[in-house]
Amino acid sequence: YSVGFIVVAQVNSTPNNKLTVGQSQALQVSTIAIASFLGRLTSGPISDVFRRKFHAQRIWCIFFASSLMGLGQHLTSIFDSVEQITLCSFITGFAFGFVFGTFPAVVADRFGTEGFSTIWGLMTTGGIITVSQLTKLFGYYLGKHTDEDGVCRAGLECYREAFVFTKWATLFISALLLLTIYINHRLGTKG
């Protein structure tokens, strides 16, 4: 959602861009989609290798994706061009795809397959509140830097604070995942 606004801010802050806003947005959306596909494609086999070959918890894959997402958020908070944002889009899209390719197996390992669709539905719709609040946060910071025409021409400064927040949030989630891995290991449970 926010990539469209990021591209507008970047294109408007750099008058000699080679791509238009629409072309730049299409590039970012395509990058995210391809990276998400690659994340989903690779996560299943990798989580199976973790589980079967190394007898490790699949949740390590979620930790990897969370850490990668944190890197993507960090880079988005420091990169200040459309070209650099493309790398951020790839990292974020890959991490997102990796989570959604691994998470069903984590849920099945933890709760079993009976009632899986109900549990999976509740878990995936639970993120609506988080996404809603993060969207408001992004809008707040973007709104602080817009001109009277509703356009932000400050590039990175239009949205940087929002991504600093999400970077720290993903690091916090990564720490919670490590704690979960430790507790599961101590209890001898799958995950």
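The values are calculated or read from the model by the stated rules, or taken from the named source; none is laboratory data. Since the model is a prediction, treat every value here as computed from it, not as a measurement. Neighbour counts are summed over all protein chains in view; Cβ atoms, including those assigned to glycine, are modelled from backbone coordinates with ideal geometry. Side chains are part of the model used for accessible areas, which takes the heavy atoms of the whole protein and leaves out ligands, DNA and RNA. Shrake-Rupley method; radii C 1.70, N 1.55, O 1.52, S 1.80 Å.
Tabulated data
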| read-out | value |
| --- | --- |
| Subset tally (residues that are open to solvent by 30 Å² or more (accessible area, probe 1.4 Å) and β-branched (Val, Ile, Thr)) for the stretch 94-123 | 4 |
| Positions within the stretch 116-166 being among the aliphatic types (A, V, I, L, M), out of contact with any helix residue (DSSP H, G or I) (no Cβ under 7 Å at 6 or more places or on another chain) and modelled with pLDDT under 90, in sequence order | Leu122, Ile128, Ile129, Val131 |
| Qualifying residue in the stretch 79-90 (condition: outside any helix (DSSP H, G or I), open to solvent by 60 Å² or more (accessible area, probe 1.4 Å), touching a residue at least 60 places away in the same chain (Cβ under 8 Å) and closer than 19 Å to Ala169 by Cβ) | no |
